[in-house]
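One structure is given here, and the rest of the page talks about it.
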Amino acid sequence: MPVDWLTPNWPAPAGVHALCTARSGGVSTGPYASCNLGDHVGDDPAAVQANRTRLTDALRLVTPGASPVFLKQVHGNGVVALVPSTADGAEADACVTTSAGVACTIMVADCLPVLLTHTSGAVVAAAHAGWRGLAGQGAAQHPQGVLEAVFERFSALGLDLIAPDAISKLATEGKPASSAVAAETLAWLGPCIGPSAFEVGGEVREAFCATNPAAAACFVPRAEHPGKFLCDLAGLARLRLQALGITRIYGNNSSAPWCTVTNASRFFSHRHGSAHGGGSGRFAACIWKG
């Protein structure tokens with residue numbers, strides 16, 4: 001595995017594996033150099049396939065027979081349950097699986113990849129969280145973004161792991177059964193556009209603050225650009241996860257080393273590529289059961 005690919009530093013259960021690629025380690029050239037995994041950005045299809053093969057080889061060094069499943073991501077909140085026969089190209093922005101060797105895979109180039117695992121190791125998931133997918137839709141008290149959607153599917157599978165008497169106890173306390181799953185869920189946030197580089201309009205701030213006033217802390221007004229704000233995307237994701245009861249959160253802490261824009265030599269960044277007159281490839285975060 002290339003030395004600058006990331007192996008998440010988190011207490012994942014035995015048998016659960018994860019990695020996050022970077023720009024290095026592939027065969028693509030130009031703005032896609034070198035390990036572009038996106039087949040929709042204008043890169044040579046043969047190079048993309050070669051890069052995907054290299055990713056598959058990296059997974060199989062850990063788990064023989066493992067394979068990544070690539071989604072057609074649309075900045076929404078659709079979720080697909082993956083099984084060994086699932087083909088690439090399902091239109092969704094998150095995926096979940098209980099099948100061994102099936103790698104939930106999310107491609108990004110400024111958006112935030114989020115990986116989830118239950119502490120039992122029985123179920124894993126991944127989500128693509130740009131601001132639109134993260135904000136989602138729905139009433140202020142019940143937003144339905146991509147993290148809420150994937151956790152709904154994740155917790156439905158996780159409930160099978162919770163003792164019936166524990167679920168009954170939660171019911172008598174007026175708590176949802178999913179809170180028992182959330183308490184045993186780990187989340188890892190990968191690299192994304194950082195809070196010093198992500199300028200957004202007031203409509204983005206309102207989309208988050210309308211559902212959680214605490215989100216205001218993730219937006220800093222830009223005096224030189226009235227009506228614009230610097231946005232902490234990873235910080236917003238942490239708030240959404242915490243609202244679901246998931247508090248064991250690792251990885252991206254909104255510090256500079258995690259920013260794709262300011263570290264564009266290591267990670268693909270759509271915003272950096274556009275600003276410099278070129279395109280951008282995609283890197284990927286994967287999680288799978290061994």
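Each reported figure results from applying straightforward, stated rules to the coordinates on display, with no laboratory input. Predicted, not measured: the structure shown is a model, and the values here were computed from it. Positions of Cβ are generated from backbone atoms using ideal geometry, with glycine treated the same way; all protein chains shown enter the neighbour counts.
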What stretch of the chain, leaving out the sites themselves, is the longest with no GluC sites (Glu not before Pro) in a DSSP loop having at most 12 other Cβ atoms within 10 Å?
1-172
Semi-axes of the equivalent ellipsoid of the chain: what are they in whole Å, largest first, if each equals the square root of 5 times a C-alpha gyration tensor eigenvalue?
29, 26, 15
Starting from a Cα-only point model with no solvent, please compute log10 I(q)/I(0) by Debye for region 81-130 at q = 0.14, 0.29 1/Å.
-0.34, -1.17
Roughly how many nanometres apart are two label points built 7 Å out from the Cα toward the Cβ at residue 50 and residue 144?
4.5 nm
Charge context of residue 281, other residues only, Cβ under 14 angstrom, K/R +1, D/E -1
+2
Under a GNM of the chain (C-alpha, springs under 10 Å), which listed residue has the highest mean-square fluctuation: 82, 241, 61?
61
Decide, for region 146-222, between rounded, prolate and oblate: order the square roots of the alpha carbon gyration tensor eigenvalues as a ≥ b ≥ c, take rounded if a/c falls under 1.5, and otherwise choose prolate if a/b is larger than b/c, else oblate.
prolate
Dipole magnitude (debye, nearest 20) for region 36-75, charges at Cβ of Lys, Arg, Asp, Glu:
160 debye
Tell me, what ³J(HN,Hα) does each residue in region 153-160 have, in order and in whole Hz, if you take phi through Karplus 6.51 cos²θ - 1.76 cosθ + 1.60 with θ = phi - 60° and put x for Gly and Pro?
5, 4, 5, 4, 6, x, 4, 5
What FRET efficiency comes out for the pair residue 156/residue 243, r = Cβ-Cβ distance, R0 = 25 Å, nearest 0.05?
0.85
Is the shape of region 242-290 rounded, prolate or oblate, going by the alpha carbon gyration tensor and its root eigenvalues a ≥ b ≥ c, with a/c under 1.5 for rounded and a/b larger than b/c for prolate?
prolate
Summing -39500 (n - 2.57) over every DSSP H run of at least 4 residues in the chain and dividing by its residue count gives a helix-only mean residue ellipticity at 222 nm, to the nearest 500 deg cm²/dmol, of -7500 deg cm²/dmol
Which of the trypsin sites (Lys or Arg not before Pro) found in region 213-290 are loop residues per DSSP with 14 or fewer other Cβ atoms within 10 Å of their Cβ?
222
From Cα coordinates alone, what are the radius of gyration and Dmax values for region 208-290 in angstrom?
15.6, 51
Gained length - residue 62 relative to residue 179, 0.36 nm times residue gap less alpha-carbon distance:
38.9 nm
